[in-house]
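Notes for the one structure printed next.
The values are calculated or read from the model by the stated rules, or taken from the named source; none is laboratory data. Treat the numbers as computed from the prediction; the structure is a model and nothing was measured. Virtual Cβ from ideal backbone geometry, glycine too; neighbours counted across all protein chains shown.
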Amino acid sequence: MAQYKDYYKILGVNKTASETEIKKAFKTAARKYHPDLHKDADKATMTEKFKDVNEAYEVLSDKQKRQVYDQLGPDYQNHARSGGGTGGYSRSYGSNGPQGGQYQQYYGNMGGGFGGGKQNFSGGFGAGDFSDFFQSIFGGMGDFGEADFGTNSFGSMKGQPGQQADEAGLSISLEDAHRGGKMQLTLPSGKTATVNIPAGIRDGQTLKLKGLGSTARNGAPRDLYLKISIEPHARFTHNKQDLDIRVPVMPWTAVLGGQITVPTLDGNVKIKIPAGTQSGKRMKLSGKGLGGKGDLYVKIIIDVPKAPTAEQIKLFEKLQEIS
């Protein structure tokens, strides 16, 4: 069982605190616990506290998540871990793109302060700006390069040990990953970049924006690497460029065979179900994966009627007698 975290206590506010009070408390706590403002001996402890502060704010600043948290109390962390909600360290912004995404700032895996942090932002294929948030917390640092915010060593990525670059996570929907397209982003430096998302891009793939990172101490612009994160989907799960979906099939269709409708990212298609199909059978639809480069695997699930009619019950009883 996950340990209960009192988010109100972590931010130092009461349960009736307003949005303004929560935001003010978060800024104060973020300054207090930021790992880079402490000695090396205290960085590990401060990193954990900093994560808790961001986790608390991520929940309490969102009306819906806060309501769920208040209702579940000690069970909230278990609810979040089981997929019912987020328990991560993210900050969402209300700058929605055309697809309804939100720009987010994550603080997971801080790695002992600025040098190990990474910035993540998400959204639909549109524009957004998330630099004001950092200025409100850290007093308007101006050029992020002065504080080395969000930089990591990517020597192994380019084969040049010790090269400094900025890493950011870009969260996109499964549909956007499938179709691809151009996304306009306003970076913390104030620069605007148009990012071309290739159709069929995989979760975890990295895109390079040359010279669009922060400014290094020597004045040279760093490169910015965008690591793609594909958001969970209500229907599909994904493995690289392959997709999986569970499709219910009525017992008589499984026994006698027939035709069913299967949703894909390009619309519905009809497939034939062979007679005698067993629950759990996987059927492959070639070229129906991400960007048409992967496949779609359909898992058949026998759907037993939950409230059979009197006539259906008689038919099942008859079937039981002759079986």
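Conditions (1) touching a strand residue (DSSP E or B) at 6+ places or on another chain (Cβ under 8 Å); (2) surrounded by fewer than 16 Cβ atoms within 10 Å (Cβ to Cβ); (3) at pLDDT 95 or above; (4) not basic (K, R), marked per residue:
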| site | (1), (2), (3), (4) |
| --- | --- |
| G280 | yes, yes, no, yes |
| L290 | yes, no, no, yes |
| G294 | yes, no, no, yes |
| V298 | yes, no, yes, yes |
| P305 | no, yes, no, yes |
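Exactly one residue out of P248, P232 is surrounded by 10 or more Cβ atoms within 10 Å (Cβ to Cβ) and in a strand (DSSP E or B): that is P248. Before we move on, is L72 under 16 Å from K5 (Cα atoms) and free of Cβ contacts under 8 Å to residues at least 12 places away in the same chain? The answer is yes for L72.
The number of residues in region 251-273 that are within 30 Å of G180 (Cβ to Cβ) and not in a loop (DSSP other than H, G, I, E, B) comes to 10. State whether the residues of region 308-316 include one that is touching a residue at least 24 places away in the same chain (Cβ under 8 Å) and in a loop (DSSP other than H, G, I, E, B). Looking for residues that are touching a residue at least 24 places away in the same chain (Cβ under 8 Å) and in a loop (DSSP other than H, G, I, E, B), one finds none in region 308-316, hence no.
Of the residues screened, G276 is one that is more than 29 Å from D176 (Cβ to Cβ) and surrounded by fewer than 13 Cβ atoms within 10 Å (Cβ to Cβ).
Among residues of region 188-224 being in contact with a Gly (Cβ under 8 Å, 6 or more places away or on another chain), among the aliphatic types (A, V, I, L, M) and surrounded by 17 or more Cβ atoms within 10 Å (Cβ to Cβ), the one that is nearest to T264 (Cα to Cα) is I201. For region 286-294, the criterion of being out of contact with any helix residue (DSSP H, G or I) (no Cβ under 6 Å at 6 or more places or on another chain) and free of Cβ contacts under 8 Å to residues at least 12 places away in the same chain is met by at least one residue.
Which one of T264, T309 is within 28 Å of the chain's Cα centre (by Cα) and at pLDDT 90 or above? Exactly one of T264, T309 is within 28 Å of the chain's Cα centre (by Cα) and at pLDDT 90 or above, namely T264. Which residue is surrounded by the most Cβ atoms within 10 Å (Cβ to Cβ), if the candidates are limited to region 9-19 and must be assigned to a helix (DSSP H, G or I) and in contact with a helix residue (DSSP H, G or I) (Cβ under 7 Å, 6 or more places away or on another chain)? For region 9-19, the residue satisfying everything is L11.
Restricting R246, R222, R282, R217 to residues that are within 22 Å of the chain's Cα centre (by Cα) and of a type in the set (D, E, K, R) narrows the list to R246.
Candidates in region 148-194 are the residues that are acidic (D, E) and within 23 Å of P35 (Cβ to Cβ); of these, the one that is modelled with the lowest pLDDT is D148. Every residue in region 1-25 that is within 24 Å of the chain's Cα centre (by Cα) and of a type in the set (S, T, Y), please. Those that are within 24 Å of the chain's Cα centre (by Cα) and of a type in the set (S, T, Y): Y4, Y7. In the set Q259, Q241, only one residue is under 21 Å from the mean Cα position of the chain (by Cα) and among the polar types (S, T, N, Q); that residue is Q241. Taking every residue in region 191-202 that is closer than 15 Å to S229 by Cα and pairing it with any residue that is in a strand (DSSP E or B) and of a type in the set (S, T, N, Q), at least 6 positions away or on another chain, the pairs with Cβ-Cβ distances below 9 Å are V195/Q184. Scanning region 20-67 for residues that are crowded, with 16+ Cβ neighbours inside 10 Å and of a type in the set (V, I, T) gives I22, T47, V53, V59.
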